[in-house]
Each structure stands twice: as C-alpha cells, then as structure tokens.
Amino acid sequence: MTYQLYIQLYCLIVDAGFVVPRYHAIEQALRERILQLAPHAPLPSESALCAEFGVSRMTARNAVTQLVNDGLVYRESGRGTFVAPPQANRRADSLVRFSEQIRRLGRTPSSLVLTAHIRPATAEELTQLRPGRAATVVEIRRVRIADTTPVALETAVFPGALSALLGRDLATGSLHAALVALGRVPTSGHATISAGKATTADARVLGVTGGTALLIERRLILDQHAQPLERTETRYVSDRYTLDVVFAVEQVPPSPPKPRRPPA
C-alpha cells in the first residue's frame with residue numbers, strides 16, 4: 001500500500017470522526033518501504049520526512065521511533081537511521097505483526113480462517129474487553145501460515161462493536177489495517193508466554209502430532225486511547241517460531257561495610 005493510499009485512509013478515518021495519530025499513517029508507509037530496501041540501507045532524515053509528508057519534526061520522529069522499537073530500523077548517532085537486518089525471531093516485547101515479520105524473512109504469509117462470528121462474552125472478557133451493554137464479542141480463529149507451513153493457531157477476540165471486522169478479508173488481508181480503518185489503532189499491550197502441548201484439535205489444524213510442544217502467547221492489546229481492543233491467544237508450534245527476549249541484568253547493591261571493632 002502506498003503512502004498516498006494510507007493518507008486517503010487516514011482522511012476517511014478523520015472524516016468519520018475517529019481520532020488516529022498522524023504519525024501512524026507515516027509509520028505504515030515506511031513499513032512498506034522497508035520491505036523493498038536492503039539491510040543497512042538509509043532511511044530519509046527527519047527533515048526529509050517532514051518535507052515529503054508535510055508533518056512536523058516531532059510527528060516524523062514518533063513514526064521512526066516506533067519502527068526502532070519494533071526492531072525494523074536502527075539509529076546511529078550522527079549518521080542517521082538505517083534498515084535493520086531481518087530478524088529470524090520476533091522480540092517478545094514488540095508488537096510486530098505476524099504477516100510483516102514473515103514477509104521480511106522472504107516468505108509469504110496467509111491465514112486459514114476456521115471461525116469468525118459474534119458470541120456472548122465470557123466473564124473474563126467482560127472484565128478485560130469491557131464490550132458494553134450488549135455483552136458480545138467478535139471471535140476470529142485462524143491458522144497463521146508461512147508459505148505452506150502452519151505456524152500458529154490464533155484466537156483473537158474483540159469488543160462486539162467491531163463486528164465490521166467480519167466483513168473484511170481475513171485470509172489474505174491485514175487485520176491490523178482493518179482495525180485502523182475502523183479508527184482503532186493497536187498501540188500497546190501486555191503479554192504472557194508459557195509452554196504447552198498440542199491438543200487433538202491443535203494437532204489437526206497445525207499438522208503435528210498430539211502432545212507436540214507449543215509456545216503459547218496470550219495478549220491484551222490497547223488502542224491509541226488506552227482502551228481494550230483485542231484479547232488474543234496464539235499457539236505456536238515451538239520448532240517453527242521463536243521469541244527473543246531482551247533483558248538487563250539486575251545489579252545487586254554492594255553490602256554495607258562491616259563496623260570496625262574498637263581496639264581491645
């Protein structure tokens with residue numbers, strides 16, 4: 001999708017009365033551009049982005065910062081911003097889309113839609129997603145595929161007000177783009193990661209045997225207004241997907257010096 005199309009989408013969202021950060025349209029355009037660039041290729045400077053997109057330096061900086069946070073580009077002091085080499089694994093603290101990550105690895109992403117419907121919310125979903133008086137949610141279950149290999153079983157649940165998602169292309173289209181078109185931008189979230197075993201149902205759709213090790217990620221994603229947007233469980237085949245964890249080593253403060261005994 002070109003920048004012009006993103007801007008048209010942005011204008012439609014604004015006309016519909018939704019509030020979407022302007023930097024988001026620029027960020028999405030740069031994501032598409034990065035897919036066509038070689039690793040370590042330079043990105044335009046902030047001043048060049050301001051001139052190209054007609055935005056302030058702060059808006060351009062916010063767009064690039066999000067790309068840095070997602071590991072798609074890196075900054076070098078005094079030199080500029082450059083395309084990062086494709087990462088084989090996603091960082092656990094980053095909300096990079098599955099389809100985008102797979103494309104950066106030179107593979108073709110797609111999805112097999114298993115179910116997509118509206119249903120009553122569970123007690124936990126009422127608490128986490130706050131769907132309102134209707135107390136309904138939209139549930140979309142898909143097998144996420146890289147080339148022809150099933151990688152994960154994803155169950156995504158949204159507030160019932162987002163029922164328009166059911167009319168979108170859920171097999172080859174971007175669910176992220178569909179949310180943005182509805183005025184809801186996935187912005188932040190919280191995730192837990194655990195280990196599990198493939199159930200009979202998991203094994204059937206993922207093409208593995210029952211009991212195969214799975215990496216299970218559960219996320220609660222918030223929109224640009226810090227409102228609950230998406231509750232997702234993704235069950236990855238452990239030898240087909242890996243998450244990297246970046247951490248700092250906690251420094252233990254030195255022990256206080258022992259008091260000196262007075263001379264006898």
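Every read-out reported here was derived from the displayed coordinates using simple, explicitly stated rules and does not represent laboratory data. From a predicted model like this one, the values you see are computed outputs, not experimental measurements. All Cβ positions, even for glycine, are placed from backbone atoms using ideal geometry, and neighbour counts span all protein chains on display.
Summarising the strand pairing of the chain, around 95 percent of its internal DSSP beta bridges are antiparallel. Over all other residues within a Cβ to Cβ distance under 14 Å of THR212, the charged ones net out to +2, with Lys and Arg as +1 and Asp and Glu as -1. A Gaussian network model of the chain, with springs between Cα atoms under 10 Å, assigns the largest mean-square fluctuation among ALA123, ALA60, ALA156 to ALA123. Ranked for footprinting exposure by Cβ neighbours inside 10 Å, fewest first, ARG144, ARG218 give ARG218, ARG144. Largest GNM mean-square fluctuation across ALA25, ALA48, ALA181, computed for the chain with C-alpha springs under 10 Å, falls on ALA48. Full extension of the chain between THR192 and ALA164 yields a length gain of 7.3 nm, computed as 0.36 nm times the residue separation minus the alpha carbon distance.
When ARG133, ARG22 are sorted by how many other C-beta atoms sit within 10 angstrom of their C-beta, beginning with the fewest, the order is ARG133, ARG22. What the Cβ-Cβ distance of LEU220 and ARG260 gives, at R0 = 45 Å and to the nearest 0.05, is a FRET efficiency of 0.25. Taking only the alpha carbons of the chain, we obtain Rg and Dmax values of 21.9, 88 Å in that order. Model label sites at GLU124 and GLN227, defined 7 Å from Cα along the beta-carbon direction, differ in position by 2.4 nm. The order of VAL249, VAL113, VAL180, going from fewest to most other C-beta atoms within 10 Å of their C-beta, is VAL249, VAL113, VAL180. Taken along the Cα-to-beta-carbon direction at a fixed 7 Å, the label points for ASP239 and LEU105 span 1.5 nm.
Backbone phi angles across region 127-136, fed through the Karplus curve with coefficients 6.51, -1.76 and 1.60 (θ = phi - 60°), yield HN-Hα couplings of 6, 7, 9, 6, x, x, 4, 4, 6, 10 Hz in residue order; Gly and Pro are listed as x.
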